[in-house]
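Right, one structure below, let's go through it.
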Amino acid sequence: MQTEKVVDYIVNWLKEYCIQAKMNGFVVGISGGIDSAVTSALCAKTGLRTLCLEMPIHQAQSQVTRAQEHISFLKKNYANVTDTNVDLTSVFEQFKREVPQTDGNELLDLTLANTRARLRMSTLYYFAGLHRYLVAGTGNKVEDFGVGFYTKYGDGGVDLSPIADLLKSEVYEIGHFLDVPHSILEAAPTDGLFGDSRTDEDQIGASYDELEWAMKMLEKGKSATDFTNRKQEVFNIFVRLNNANQHKMKPIPVCNIPDSYKVL
């Protein structure tokens, strides 16, 4: 990958889109992970106002520390970067008290994890509305179009997606180019939605390198029978998640009423 050219292309794309939309800049949710770090750095390089927003909900201290380190780096190097911290822990806990109790429901943990992401999305759009900012998405190609590893109307609720055509390995390559802090480059990827130490690989069952391989194999028309052992297992994981999460990747289905039914 021609990293410098890719960076310049994305930065110009972001700037042109924002100016044509007659908006003032960008707001990015900062998690302490590589995707949000790269996205916020790309937005900062446009020279347009860039708000870095931390939204902890029972967040691990290591994630908070990495996020703050990255924000400090951006503010030191880009005068157009500001930051705000909105602790949503009490909001999340109040929500749990208000909804019906569902103890014993095996889907409870996942539902609450998705609720965290949706609370953050609402907060991002609150600040976007106040300042006429665009919400910049932080999803990469493997997550957004491979396994659908994001929350519908959570981190999937954005105005534009600057890194969604980049594989995870390419996001890391750009992260190195942009001098993203080593603590972020070396951290195991995690969505941080469960309040514990589980990583993306723990949840998915495969690493991003493995998922990238499977994505490329599927694009080449391969099937599970072309592989054995771990490769077959990974390929099956990718295909299963890709099929299960098509509802996230495809446009919302519209019930089109026959014209003949509308004629009086």
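Quick notes on this structure:
- For the stretch 3-186, the tally of Lys pairs with Cα-Cα distances below 19 Å comes to 11, considering only residues 8 or more apart or on different chains.
- Among the chymotrypsin sites (Phe, Trp or Tyr not before Pro) within the stretch 1-98, not one is in coil by DSSP while having at most 13 neighbouring Cβ atoms inside 10 Å.
- Loop-located chymotrypsin sites (Phe, Trp or Tyr not before Pro) in the stretch 98-202, at most 16 other Cβ atoms within 10 Å (DSSP): Tyr153, Phe194
- When the P(r) is computed for the stretch 187-229, the part past 17 Å accounts for 45% of the Cα-Cα pairs.
- Net +/- balance of residues flanking Ser183 in space, Cβ distance below 13 Å, scoring K and R +1, D and E -1: -2
- Here the Kirkwood formula, the inverse mean of 1/r across different C-alpha pairs, assigns the chain a hydrodynamic radius of 19.7 Å.
- Choice from Arg66, Arg240, Arg49 showing the highest fluctuation, given a GNM over the chain with Cα pairs closer than 10 Å: Arg240
- Sparsely packed trypsin sites (Lys or Arg not before Pro) within the stretch 93-145, loop by DSSP, other Cβ within 10 Å at most 13: Arg132
- With R₀ fixed at 25 Å, the C-beta to C-beta distance from Asn229 to Asp202 puts the FRET efficiency at about 0.75.
- Relative to one another, the C-alpha centroids of the stretch 192-208 and the stretch 219-250 are positioned 19 Å apart.
- Computed from the Cβ-Cβ distance with R0 of 35 Å, the FRET efficiency linking Gln61 to Gln94 stands at 0.95.
Read-outs throughout are calculated quantities, based only on the coordinates presented, and are distinct from any laboratory measurement. Just so you know, these numbers come straight off a predicted model, no measurement behind them. Cβ sites come from the backbone with ideal geometry, for glycine too, and all protein chains shown count toward neighbours.
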